[in-house]
């Protein structure tokens with residue numbers, strides 16, 4: 001591709017999407033369109049926490065041969081690391097966030113392809129909730145004060161009736177079944193293929209043995225109040241431990257699935273005129289600049305500047321122009337070398 005002019009343009013657009021991404025906040029949803037007049041790519045930057053499962057759904061409207069690549073990167077310093085490349089035949093993929101930080105999703109159609117699509121990114125847990133029963137609830141969170149401020153809570157407490165089943169949050173091997181100080185009766189579980197260990201404490205009874213392989217949902221013990229929880233209501237202390245120490249387990253098991261709500265999408269078969277100066281990231285646009293909309297979300301547009309860079313702004317920042325009229329405005333601007341006054345349409 002790099003040996004042809006259009007191929008080089010396609011690769012340049014791909015790199016620009018990494019250098020000039022648009023910031024979004026999860027959960028997220030937009031309706032998008034890639035015109036065919038030149039190669040384009042769109043980068044979307046967001047933050048995610050370790051333990052969260054990101055689910056990306058791309059539904060392409062019926063267009064013959066419309067291939068859309070979706071690549072997920074983790075941004076590190078001045079560079080980026082590819083962490084997932086979606087099969088273009090698939091419309092949905094999931095990624096278990098391995099590190100808290102900034103991520104970037106790049107969308108780019110195959111060369112000479114055009115089409116409409118809908119994108120949705122939802123956020124959920126990468127593990128199942130470790131206590132069965134609808135009444136189980138998290139009542140104490142990571143980092144809360146303990147022993148009058150002498151230490152911090154290194155997990156979450158899930159309150160439930162005594163002897164409620166406690167389950168394996170993932171497939172894995174039981175690495176420890178112990179009875180020890182603060183934790184009382186405990187179980188340690190190493191999920192398959194992971195670099196962290198799950199910690200279950202204050203159990204009333206342990207129902208597994210060291211070395212036993214368990215599947216997600218298997219009962220490993222019963223909720224209790226052993227150890228230093230003997231004077232508190234029955235609960236499970238649940239923790240996640242890495243080689244560097246404990247980390248917040250809540251994103252791993254947060255039962256609340258965060259899904260972006262639907263919205264009434266606007267027509268993308270238009271062009272946009274900017275009503276005021278706008279600057280974001282490395283992109284700057286002047287008033288009356290005519291832009292190409294590439295996506296619309298609940299609160300605004302993502303649009304392309306004449307130099308190929310992107311901006312994102314609220315609906316109130318733009319005036320929509322029918323496509324035929326917009327082409328006439330662009331030609332007139334180039335011919336007369338003047339700026340359109342605010343009241344010209």
Note to self: Name the residue that is farthest from residue 162 (Cα to Cα), counting only residues in the range 191-219 that are out of contact with any strand residue (DSSP E or B) (no Cβ under 7 Å at 6 or more places or on another chain) and in contact (Cβ under 8 Å) with a residue 12 or more places away in the chain.
What the structure shows: 194
Margin query: Among the residues of the range 240-257, are any modelled with pLDDT of 95 or more and touching a helix residue (DSSP H, G or I) at 6+ places or on another chain (Cβ under 9 Å)?
Written below: yes
Notebook entry, point to check: Among the residues of the range 267-286, which ones are loosely packed, with under 14 Cβ neighbours inside 10 Å and more than 19 Å from residue 18 (Cβ to Cβ)?
Noted result: 267, 269, 276, 277, 279, 286
Next item on the list: Among residues belonging to the range 39-62 that are part of a loop (DSSP other than H, G, I, E, B) and in contact (Cβ under 8 Å) with a residue 60 or more places away in the chain, point out the one that is farthest from residue 303 (Cα to Cα).
Entry: 51
Item checked: Elements of type strands (runs of 3 or more DSSP E) in the range 189-289, at least 1 residues being over 30 Å from residue 117 (Cβ atoms) -> 197-206, 219-223, 235-242, 245-247
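The values are calculated or read from the model by the stated rules, or taken from the named source; none is laboratory data. Please read all numbers here as calculations on a predicted model, not as lab measurements. Cβ sites come from the backbone with ideal geometry, for glycine too, and all protein chains shown count toward neighbours.
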